[in-house]
Structures are given as C-alpha cells and as structure tokens.
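Undergrad: So that we are looking at the same thing, I have put the structure below in structure tokens.
Values in this text are rule-based calculations from the coordinates and carry no lab data. Here the structure is a predicted model, which means the values were calculated and not measured. Positions of Cβ are backbone-derived with ideal geometry, glycine not excepted, and every protein chain shown enters the neighbour counts.
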Amino acid sequence: MKVSIGDVVLPGDYFDEISTDNAKSRVVIGPGLRKEEDHVYITKAGVLKKKNPHTYWIDSYQKRVDIGGSTTAALSYLSFEGATKKNRPEVQVGDIIYAKLVIASKDMEPELVCIDSFGHKGRLGVLTDGFVFKCSINLIRKILSPQCPLLESLKNEWPFELAAGMNGRIWIKANSMKETIALGNAVLGAEFMSQEEIKKMSNNISATLAGHVY
Amino acid sequence: MVPERLQDFKLKPLKCELNFLSKSDGSAILSQGDTVVLASVNGPLDIKTTSQNIEKATLEVLFCSKEGKPSVADRFKENVIRNTCETAILGCLYPRTGITLTIQELENYGGLLTCAVNCACLALINSGVGMRHVVAAVSCAVNEVGDLVLEPTQQEAESARALLYFVFDSRDKNLVTGFTEGTFSEDTYEEALVRCRLASDFVFQFYRDVVKKYSNVI
C-alpha cells in the first residue's frame, strides 16, 4: 500500500515522496525504512515521520535497540580517562557503565568507550550505587526529549541523579530508598502519559513523598 | 474490488492486545472468534555457533498446545509458521543471530493455525524486527454440498470435504504459504484462492487499526 508522511504504516508499505523530491539534495533514510530497486519500503510498524529537509524515519515501539550486535560489546581498559597500560582503571565485572559506542557495525563486535575524542571523561564512566531498571526505547526517547516535562518538574522536588541509556536501561540514584522508588515509579508511569498528565503525576508524587518524609 | 462482494466475506471477529507479556521483546494475544492464541518474540539474540547462519537470522518456532504434550501435529504447525515468518522477516539485517517465536494455544474452536500465523505476525510487528511485509492467513472449507465457507467453525471444519489454508503477503497479495487437506477440484481451489485473497484485506486492515491504536499513546 502507498503511504505518506504522518500515516500509520505496516511493513511492506512503500512511499514515493522521496523519489519525487529534488534529486540533488541529500536524503537520509532512517530506521524502519529500506530502499529496494524502485521504491522505499517500510520494515517496521509505526508512524512515518519527516524532518526537513529530507530526513525520513519510522517512529515505532520496540524494546531492543539495534546497535548492530546481539553479542557482547568490547570495553577496552584504555578507554577511560587517564588510563595507561600501567595505571588501570577500577572496573569490576557487574559494574554499571555509562558509555558510548564507537563502533556499531552490523558485522563487527561493538566497542564501547568512556571518554570523548579529547580524552576527557565528561559524565561517562562507572556509575556507583543507585538502581538500574529496564524499559522500552520509546520511554528513553520520551524522557530525553526536551519537550518532556518529567525531569524538569521532578528535579525541583528532590535531588537525584539519572542516566538514561539508549539500550533501554535507566540508572537512578537518590538520597533515600523512598525517593529512589518514587523516582523509578514516576519514570515508568510516564510511558503512556501525555505532557499534562506527567506534570500532574509529578506533583502528586512529590506531595505524597513530602507527606511521608516529614 | 466490488464493495457488495466484500460484505459477503464475514470473517470471525478479531481482537488483539499487543505487548501482553512484559519480559519478551514483543508479544501479542489474538482472538479470532473463540480461538485464542498468545505469541511471544525474543530476539535478535546470540545463539550457539552451530545453529548460526552467516547470511541471515535463524528463526526458531515453538508451538505449545493446550494439553502441553508435544505432538507431530505441533511440529507440522511449527514448520508452517517458521517457513511463513522467514519470508516475512528481513533476516539479512541480523546475521549470525537467532529469533525465537513462541506460540501458546489458549483456546481452540477451529481455525487455530490461521490464528497462530496472524498472532505470530502481530508479535513480530510489536517486537520491531525489520520485516519485508506482513502476512495474513485465511482458511476456507469446502462443505458437503460443495460450497465454500470462509473461516470455518470447528463443526464446519470437521464435516468439510476439504480444508484449504492460504497465507498472503501485504505487498502484492502474493501467496506465501498454501496447503490443503481433503479432495477438491482445480476450479474450487482457484475460487477459494480468490476469495481468501479478498478476505485477507480485512486482516491487513485489522493490523493497521491495531498499530494505529498503539501509536497514539507512545
């Protein structure tokens, strides 16, 4: 079936708007789209989106990120700030790492680093204490989006740290167990809420929490 | 397609819930009439080297019947579903990995296999695995008089002279899988194929409605 921007699409649908665009400009075909001979075909179910000038993708629901590897990723000892062969960083098996991918190719083992290209660690590195839970990728994208009021409204209520990874894992750390649980529930509860509902929920949670703490 | 003709094709009422299971990568529960099937997808995952394929993903299908006892009929269903889904999945996007598809029969009042194939397709849609197209299964029975009955009930299927199963893709409505039981003439087969192909539109429209319902809340 032929579809256009904003439509709900299924795998096997195709759309033609790209080919009719100005041929000189660069077109970016994002996740969920695949070019085959004559048309651009859709490979995931969701909503077809476009960002000007020529970026197209499918907004779909999924729990697993396609980083090109179902296998384990490599993390080098030397990919930490100030690490040398003699001065090894303190990383144990089972530690939670906030890292980014340098290689994400379909045919090679993915590789992680905890430094940027200047050799600084920034916020990357081992995350100590805290609590990790899994969620869908859509939720990660949702809370990371600048329009989402969740973290904006929660951060004024009580102090906490949060790291949301695009692999569907969120790490949170707050001063007390109660605050951690409240934060975790707030994040998970926001998955299917609109912006107004999220604001209302954050207020509710902070009010309840305040009632318990004092 | 003539609208009046489409009205004649009454399929069983379809009801579906996506993301039914919290831990799997994708899941769906589908009821077609009184027949209910639950499907779950996990993957692409790392699998043991002996079953890895360097060119595409390995699809593993497990069919669990209500009694829980594995039988030859279940293996047959697994084979049909695996072959059907392998054409639908873009396996070349996930080389050297495995995708597991688990199907649990919950209620069987006829049309179990079509329900299982459709449910598997919905679970794959929910998991976000790259797919070439979606598939829709429609079954058809030839009764004692020789008339065609779409989506037969248990009684109709038992008394039928022949049963025909078809699976179509969503691109050009090509036949993906087709198999039959019993005796029938070549013309009957041709007519059943045409009717089921028309009826598959309902199933594809249903998939679209389900995805639409879920895309509003994300």
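Undergrad: How much of the DSSP beta bridge set in the protein assembly as shown is antiparallel, as a percent to the nearest 5?
TA: Working: 69 of 81 bridges.
For the protein assembly as shown, the DSSP antiparallel bridge percentage is about 85.
Undergrad: Using only the Cα atoms of segment A:131-213, build the gyration tensor, take square roots of its eigenvalues as a ≥ b ≥ c, and label the shape rounded, prolate or oblate: rounded if a/c is under 1.5, else prolate if a/b is larger than b/c, else oblate.
TA: Values: a/c = 1.92, a/b = 1.23, b/c = 1.55.
The shape class here is oblate.
Undergrad: Would you tell me the mean number of C-beta atoms belonging to other protein chains that fall within 10 Å of each C-beta in A:43-53, as a whole number?
TA: Numbers: counts 9, 8, 16, 6, 5, 0, 0, 0, 0, 0, 0.
Across the residues of A:43-53, the mean count of other-chain Cβ atoms within 10 Å is 4.
Undergrad: Still on this structure, please answer the following. By the scheme Lys and Arg +1, Asp and Glu -1, what is the net charge of all other residues having a beta-carbon under 13 Å from that of A:Glu191? Let's see the in-between values first.
TA: Working: positive: A:Lys63, A:Lys134, A:Arg141, A:Lys142; negative: A:Glu197.
Taking every other residue near A:Glu191 into account, the sum is +3.
Undergrad: Using a simple spin-label model with points 7 Å from Cα along the Cα→Cβ vector, what separation in nm is obtained for A:Val3 and B:Arg197?
TA: 2.4 nm
Undergrad: Now, a different point. With Kirkwood's inverse mean 1/r over C-alpha pairs for Rh, give me the Rg to Rh ratio of the protein assembly as shown, two decimals please.
TA: On the way: Rg = 25.0 Å, Rh = 24.3 Å.
With Rg and the Kirkwood Rh in hand, the quotient comes to 1.03.
Undergrad: Among A:Lys200, A:Lys86, A:Lys134, which one moves the most in a GNM of chain A with springs linking Cα atoms closer than 10 Å?
TA: Looking only at A:Lys200, A:Lys86, A:Lys134, the biggest GNM fluctuation is shown by A:Lys86.
Undergrad: A:Lys200 versus A:Lys100, label points 7 Å from Cα toward the beta carbon: distance in nm?
TA: 3.8 nm
Undergrad: Taking only Cα atoms and a 10 Å spring cutoff, compute GNM fluctuations for chain A and point out the largest among A:Gly94, A:Gly119, A:Gly189.
TA: The residue that fluctuates most here is A:Gly94.
Undergrad: Ignoring everything except DSSP H segments at least 4 long, calculate the 222 nm mean residue ellipticity for chain A; use -39,500 (n - 2.57) per segment, divide by total residues, nearest 500.
TA: Working: 5 runs with 50 residues, N = 214.
Helices in chain A give a 222 nm mean residue ellipticity of -7000 deg cm²/dmol.
Undergrad: From Cα pairs below 8 angstrom and at least 6 apart in sequence, can you work out the relative contact order of segment A:8-59, rounded to a whole percent? Could the numbers behind the result be given before it?
TA: Values: 88 pairs, mean separation 22.5, N = 52.
The normalised contact order for segment A:8-59 reaches 43 percent.
Undergrad: Once a ≥ b ≥ c are taken as the square roots of the eigenvalues of the Cα gyration tensor of chain B, is the result rounded (a/c under 1.5), prolate (a/b larger than b/c) or oblate (a/b not larger than b/c)? Write out the running numbers ahead of the final one.
TA: Details: a/c = 1.67, a/b = 1.50, b/c = 1.12.
Cα axes put chain B in the prolate bin.
Undergrad: Normalised by the residues of chain B, what does the relative contact order come to in percent, with Cα pairs under 8 Å and at least six apart? Before the final figure, lay out the partial values.
TA: Numbers: 441 pairs, mean separation 43.3, N = 218.
Result for chain B is 20 percent.
Undergrad: Let me ask something else about it. Which of the three applies to segment B:113-218, rounded, prolate or oblate, going by the alpha-carbon gyration tensor with a ≥ b ≥ c and a/c under 1.5 meaning rounded?
TA: Numbers: a/c = 2.60, a/b = 2.12, b/c = 1.22.
It is prolate, given that a/c is not under 1.5 and a/b is the larger ratio.
Undergrad: Still on this structure, I have one more. Where in segment A:1-15 does the label zone of B:Lys213 land, with the point 7 angstrom along Cα→C-beta and an amide N cut-off under 17 Å?
TA: Only A:8-10 fall inside the zone, counting backbone N under 17 Å.
Undergrad: Something else about it: Take chain B, connect every pair of alpha-carbon atoms lying under 10 Å apart with a spring to form a Gaussian network, then pick out the residue of B:Asn42, B:Asn19, B:Asn53 with the largest mean-square fluctuation.
TA: B:Asn53
Undergrad: A follow-up question, please. Give me the number: length gained by fully extending A:Val28 to A:Asn87, i.e. 0.36 nm times residue separation minus the C-alpha to C-alpha distance, one decimal in nm. Mind dumping the intermediate values first?
TA: On the way: separation 59, 0.36 × 59 = 21.24 nm, distance 4.30 nm.
Computed gain between A:Val28 and A:Asn87 is 16.9 nm.
Undergrad: Okay, moving on. If you add up the charges near B:Phe63, with Lys and Arg at +1 and Asp and Glu at -1, over every other residue whose beta carbon is less than 10 angstrom from its beta carbon, what do you get? Please list the in-between numbers first.
TA: Numbers: positive: B:Arg75, B:Lys77, B:Arg82; negative: B:Asp74, B:Glu78, B:Glu105.
Local charge sum for B:Phe63: 0.
Undergrad: Using a Förster radius of 56 Å, what is the FRET efficiency between B:Ser185 and A:Asn167 based on their Cβ-Cβ separation? Nearest 0.05, please.
TA: On the way: r = 57 Å, r/R0 = 1.01.
The value I calculate is 0.50.
Undergrad: Let me ask you something else. Kindly flag which residue pairs out of A:Lys35/A:Lys63; A:Lys142/A:Lys200; A:Lys49/A:Lys142; A:Lys2/A:Lys44; A:Lys63/A:Lys134; A:Lys2/A:Lys35 have an alpha-carbon separation exceeding 19 Å in this structure. Please report the intermediate quantities before stating the final value.
TA: Numbers: A:Lys35/A:Lys63 24 Å; A:Lys142/A:Lys200 17 Å; A:Lys49/A:Lys142 16 Å; A:Lys2/A:Lys44 15 Å; A:Lys63/A:Lys134 9 Å; A:Lys2/A:Lys35 14 Å.
Pairs exceeding the cut-off: A:Lys35/A:Lys63.
Undergrad: Can you show me the helix-derived [θ] at 222 nm for chain B, built from DSSP H runs with n ≥ 4 at -39,500 (n - 2.57) apiece and divided by the number of residues, rounded to the nearest 500.
TA: On the way: 5 runs with 75 residues, N = 218.
Computed mean residue ellipticity for chain B: -11500 deg cm²/dmol.
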